[in-house]
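Peer 1: Could you have a look at this structure, given as structure tokens, before my questions?
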Amino acid sequence: MQPQIRLAPDVQESLCCPRCRARLNHAGEQFTCANPGCAAGYPIVDGIPVLIDEQASIFSLDDFVSHRTTFVSNAGECRVKTTLRRWLPTIDRNLRAKANYRRMSSALLEQSPAPRVLVLGGGILGQGLEELARNTAVDLVESDVSFGPRTRLICDAHDLPFPDETFDGVVVQAVLEHVVDPYRCAAEIHRVLKPRGIVYAETPFVQQVHGGRYDFTRFTHLGHRRLFRRFEEMDSGAVCGPAMALAWSYQYFLLSFTTSRTLRLFLRVFARLTAFPLKYVDYYLANRPAALDATAVYYFMGRKSGQTLPDRDLIQQYRGAI
Ligand SMILES: [Zn+2]
């Protein structure tokens with residue numbers, strides 16, 4: 001028997017074709033676009049709808065039907081790596097996500113008694129996101145481009161399979177550096193949000209390549225603000241500061257010397273053991289103006305607006321020290 005689709009019935013009802021946005025017909029193990037001129041078919045894999053427009057995406061439907069590695073490997077990790085990951089101190093620390101999600105949670109509940117939030121890159125629980133997830137009034141629709149433990153829907157952020165004004169909130173944490181066209185994704189987020197709907201984004205500025213071939217872009221604080229220029233800012237700043245940036249640079253400097261898997265594993269362990277205390281310096285640094293020019297990861301929280309922030313006003317929002 002085909003596993004049940006684990007989306008709320010009205011969310012499932014609202015799904016639309018990522019190519020032409022027509023409604024979808026559900027029959028057996030697939031969805032079919034109801035628009036006769038499109039008629040695209042979308043498989044359901046292990047109860048998870050795969051709503052990817054193959055003509056536009058870097059992913060194909062077969063990547064998911066065949067369980068190929070997309071962003072995250074399906075093969076799992078060896079025990080040595082899992083053990084090291086669990087027991088070694090980390091070199092990064094998110095200083096703001098918990099507080100930011102608490103703020104987002106109350107702002108959402110002020111607008112709606114049962115807010116619905118689309119999570120892009122939600123296959124695993126993002127740092128601090130438990131603050132939003134634990135609120136039973138908030139319905140998280142967790143989507144991704146790989147089968148993570150929390151993935152309920154496979155979709156590509158460039159072409160979201162939802163009609164306009166579907167969601168009260170969108171979370172896009174550590175995702176926009178991994179998409180080929182972040183401006184298109186920001187436009188899609190704007191489209192699927194209800195008026196005054198809230199977006200929460202975290203995107204790196206000084207952080208080396210992670211996610212291998214799926215890593216494309218970095219943003220300064222103002223670059224990130226411009227990405228969300230059709231939103232009214234509620235808050236923005238650093239979630240991880242210059243100390244984390246330094247720790248990552250140090251680790252990747254060491255890794256630059258070799259492609260040997262064994263040596264790289266040893267170097268990662270060495271980097272973690274010798275650089276982990278650096279992250280605590282960010283408690284002192286992260287909110288200082290001079291640090292905003294050298295920060296590892298920025299956040300932006302804002303409301304969907306009918307206005308676009310003019311570039312002339314954008315440059316007035318520089319908060320660094322240069
Ligand atoms: Zn269609």
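The values are calculated or read from the model by the stated rules, or taken from the named source; none is laboratory data. Since the structure is predicted, the reported quantities are computational estimates derived from the model, not experimental observations. Neighbour counts run over all protein chains shown; Cβ positions are idealised from the backbone, glycine included.
Peer 1: Within region 25-45, how many residues turn out to be more than 16 Å from the ligand (Cβ to nearest atom) and touching a Phe, Trp or Tyr at 6+ places or on another chain (Cβ under 8 Å)? Write out each step before concluding.
Peer 2: First, pick out the residues of region 25-45 that are more than 16 Å from the ligand (Cβ to nearest atom): 28-29, 44-45.
Okay, now just the ones that are also touching a Phe, Trp or Tyr at 6+ places or on another chain (Cβ under 8 Å), so 44-45.
Residues meeting the conditions: 2.
Peer 1: For Val170, which of the numbered conditions (1) part of a loop (DSSP other than H, G, I, E, B); (2) modelled with pLDDT of 95 or more fails to hold?
Peer 2: (1)
Peer 1: Here is a further query. Do we find that Asp62 is under 29 Å from Ile198 (Cα atoms) and either more than 16 Å from the ligand (Cβ to nearest atom) or crowded, with 16+ Cβ neighbours inside 10 Å (or both) in this structure? I'd like the intermediate steps shown before the answer.
Peer 2: Details: under 29 Å from Ile198 (Cα atoms): no; either more than 16 Å from the ligand (Cβ to nearest atom) or crowded, with 16+ Cβ neighbours inside 10 Å (or both): yes.
Here the answer is no, as Asp62 does not meet what is asked.
Peer 1: Related question: If you scan region 25-44, which residues turn out to be buried (at least 18 other Cβ atoms within 10 Å of the Cβ) and out of contact with any Leu (no Cβ under 8 Å at 6 or more places or on another chain)?
Peer 2: Initial filter on region 25-44 (buried (at least 18 other Cβ atoms within 10 Å of the Cβ)): 31, 33, 40, 42, 44.
Within region 25-44, Ala40, Ile44 qualify.
Peer 1: If you take the residues of region 125-140 that are out of contact with any strand residue (DSSP E or B) (no Cβ under 8 Å at 6 or more places or on another chain) and assigned to a loop (DSSP other than H, G, I, E, B), which of them is surrounded by the fewest Cβ atoms within 10 Å (Cβ to Cβ)? Don't jump to the end; show me each part of the working.
Peer 2: Step one: list which residues in region 125-140 are out of contact with any strand residue (DSSP E or B) (no Cβ under 8 Å at 6 or more places or on another chain), which gives 125, 128, 130-131, 134-137.
After this cut, where a residue has to be assigned to a loop (DSSP other than H, G, I, E, B) as well, the list is 125, 128, 134-137.
Working: Leu125: 17, Gly128: 21, Arg134: 10, Asn135: 18, Thr136: 7, Ala137: 11.
So, considering only residues that are out of contact with any strand residue (DSSP E or B) (no Cβ under 8 Å at 6 or more places or on another chain) and assigned to a loop (DSSP other than H, G, I, E, B), the one surrounded by the fewest Cβ atoms within 10 Å (Cβ to Cβ) is Thr136.
Peer 1: Sticking with this one: Across region 195-221, what is the number of residues that are under 14 Å from the mean Cα position of the chain (by Cα), under 20 Å from Val170 (Cβ atoms) and of a type in the set (D, E, K, R)?
Peer 2: Looking only at that region, the number is 1.
Peer 1: Limited to region 192-214, what total is found for residues that are outside any strand (DSSP E or B) and surrounded by fewer than 17 Cβ atoms within 10 Å (Cβ to Cβ)? Reasoning before the result, please.
Peer 2: The initial filter retains those residues of region 192-214 that are outside any strand (DSSP E or B), namely 192, 205-214.
Keeping just the survivors that are surrounded by fewer than 17 Cβ atoms within 10 Å (Cβ to Cβ) gives 208-213.
Qualifying residue count for the region: 6.
Peer 1: Taking the criterion of being away from the ligand (no atom under 16 Å from the Cβ), in a loop (DSSP other than H, G, I, E, B) and surrounded by 12 or more Cβ atoms within 10 Å (Cβ to Cβ), would at least one residue in region 10-24 satisfy it? Before the answer, list the steps.
Peer 2: We begin by selecting, within region 10-24, every residue away from the ligand (no atom under 16 Å from the Cβ); these are 10-13.
Next cut, in a loop (DSSP other than H, G, I, E, B) only: none.
Taking every residue of region 10-24 in turn, none turns out to be away from the ligand (no atom under 16 Å from the Cβ), in a loop (DSSP other than H, G, I, E, B) and surrounded by 12 or more Cβ atoms within 10 Å (Cβ to Cβ).
Peer 1: Another question, if that's okay. Limited to region 101-122, what total is found for residues that are buried (at least 22 other Cβ atoms within 10 Å of the Cβ) and either free of Cβ contacts under 8 Å to residues at least 60 places away in the same chain or under 15 Å from the mean Cα position of the chain (by Cα) (or both)?
Peer 2: 8
Peer 1: Follow-up. Show me the strands (runs of 3 or more DSSP E) entirely contained within region 27-122 in which 2 or more residues are closer than 30 Å to Pro242 by Cβ. Walk me through how you get there before you give the answer.
Peer 2: Working: elements: 30-33, 41-45, 48-51, 116-120.
The qualifying strands (runs of 3 or more DSSP E) are 116-120.
Peer 1: Applying the selection to region 186-201, what residues are touching a His at 6+ places or on another chain (Cβ under 9 Å) and in contact (Cβ under 8 Å) with a residue 60 or more places away in the chain?
Peer 2: Those that are touching a His at 6+ places or on another chain (Cβ under 9 Å) and in contact (Cβ under 8 Å) with a residue 60 or more places away in the chain: Gly197, Val199, Ala201.
Peer 1: What single numbered condition from (1) in contact with a Ser or Thr (Cβ under 8 Å, 6 or more places away or on another chain); (2) over 30 Å from His190 (Cβ atoms); (3) not small (Gly, Ala, Ser) fails to hold for Phe300?
Peer 2: (2)
Peer 1: Tell me which residues, restricted to region 150-197, are out of contact with any helix residue (DSSP H, G or I) (no Cβ under 9 Å at 6 or more places or on another chain), of a type in the set (A, V, I, L, M) and within 18 Å of Leu24 (Cα to Cα).
Peer 2: Val192
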